[in-house]
1. Cross-link partners among lysines for Lys96, C-alpha distance below 27 Å, same-chain residues fewer than 8 apart left out?
2. If only Cα atoms are counted, what is the Rg of region 57-156, and what is its Dmax, in Å?
3. Short version: what are the Cα gyration tensor semi-axes of region 294-387, square root of 5 times each eigenvalue, largest first, in whole Å?
4. Under a straight-distance cross-link criterion of Cα-Cα below 19 Å, which lysines are reachable from Lys318, leaving out those fewer than 8 residues away in the same chain?
5. Can you give the local net charge around Ser345? Use residues other than it whose beta-carbon is closer than 10 angstrom to its beta-carbon, Lys and Arg +1, Asp and Glu -1.
6. Given H placed 1.01 Å from N in the peptide plane, which residues other than close sequence neighbours of Gly215 have an amide H under 5 Å from its amide H?
7. What value, in deg cm²/dmol to 500, does the helix sum -39500 (n - 2.57) over DSSP H runs of n ≥ 4 give at 222 nm once divided by the residues of the chain?
8. With angles folded into 0 to 90 degrees, how steeply does helix 58-70 sit against the dominant principal axis of the chain? Use alpha carbons for both and round to 10.
Amino acid sequence: MRATRRHGFGTRAVHDGEEPDLGSTGDVVTPIHLSSTFARKWVDRPTAGLEYSRTGNPTRSALERRLASLENASHALAYSSGMAAETTILLSLLEKGDHVVAGDDLYGGTRRLFEATMRRFGVSFSYADTRSAKSVQAAMTDKTALIWLETPTNPLMRICDIRAISRLGRERGAMTVVDNTFASPYVQNPLDLGAAVSVHSTTKYIGGHSDVVGGAVMLSDDDAFEKLRFNQNALGAVPSPFDCFMVLRGSKTLHLRMERHSSNATAVAEFLSSHKAVSVVHYPGLRSHPQHSLAAKQMRLPGGMLSAELKGGLPAAKRFLSRLRVFTLAESLGGVESLADHPASMTHASVPSAERARIGITDGLVRLSVGIEDEADLLADLKSALG
Ligand SMILES: *Cc1c(COP(=O)(O)O)cnc(C)c1O
């Protein structure tokens, strides 16, 4: 699926992958093709290349063309969840005995997949502070086949230098995978910075409305794409045509939503950093963020995610979270509505507590996914919950 790179992001988000079919009905919007199988005229030739819906589906193909275009990739593959996308990457690109260097501040489910499942198949993992390319280098062995990054990291909003780490990986024969869920393709394009693979939970910003679970992989390496496509069909973790339609629909407003997520999150970060109940705010858009200039270099906008440390520890965090009215206390992120999370007891509860303490995920840390509501209402909600 070749992307068109002629147009700006907004034009591609609205149009790419969805050309009206003037040969038949002229639908402006890609239909939800529910058929599980496709009739053929000839035994040896599938009609329009379609055989069976796990292998290929027209609604999914439209979504995959759109996703490739948004990430400036030659290819994209859609999956039934972000975890299904990750599983397919690991099972497609790794052999028994391979080693992976991953960030130590990863999405909890990714770490669980690595530790509880993939280790059983003879793949080993090391965790490094990916803020420094040197610490990634120190963790690499001659078996390292993948470097797995998140940037910004979850929930501490640390930034990895995608360009420097991808170059290091290439020199040592390892592919760099960036989980780009937190940034979204509007904010950051890892492949343009040298990464081999971008992976997304489309459940978050790309879908954008907290109403569908999905995942995607975008890449330009033809060999890796063929392996992933083979396993999209062989492992079978494909999204339903309806889910593909939902993600395709959500993706059309990604650029508009990210602008508003970012401006609201900037206002929230500034408000929280001046509040006496808050000791530190982690947001790449703040000048006080230790990697503000690296973030400004590789991200178009600072995005909608931030975390903050409350001075009163666990009791203060619990009280704050229970008093929010516009923000909803829930896991997940990236939807139009603002969400609040307590990483130590919710999203990161599966990370052992000693490890949480080492990384800096304290009991007073709260994570916010700032939505696209009115800024004044969000600030008033935070002010009254902290008061
Ligand atoms: C949510 C998330 C995932 C997992 O995606 P699902 O769609 O929930 O399977 C992976 N990485 C990050 C950064 C996420 O936020």
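1. Lys134, Lys143, Lys227
2. 15.0, 45
3. 21, 19, 12
4. Lys276, Lys383
5. Working: positive: Lys318; negative: Asp341, Asp363.
Surrounding charge for Ser345 is -1.
6. Under 5 Å from the amide H of Gly215: Tyr79, Ser80, Ser81, Gly82, Thr202.
7. It lands at -10500 deg cm²/dmol.
8. Orientation of helix 58-70: about 50 degrees from the principal axis.
Each value in this text was obtained by applying a stated rule to the coordinates, not by laboratory testing. These figures come from a predicted structure and were not determined experimentally. With ideal geometry, Cβ positions are generated from the backbone for all residues, glycine too; neighbour counts draw on all protein chains shown.
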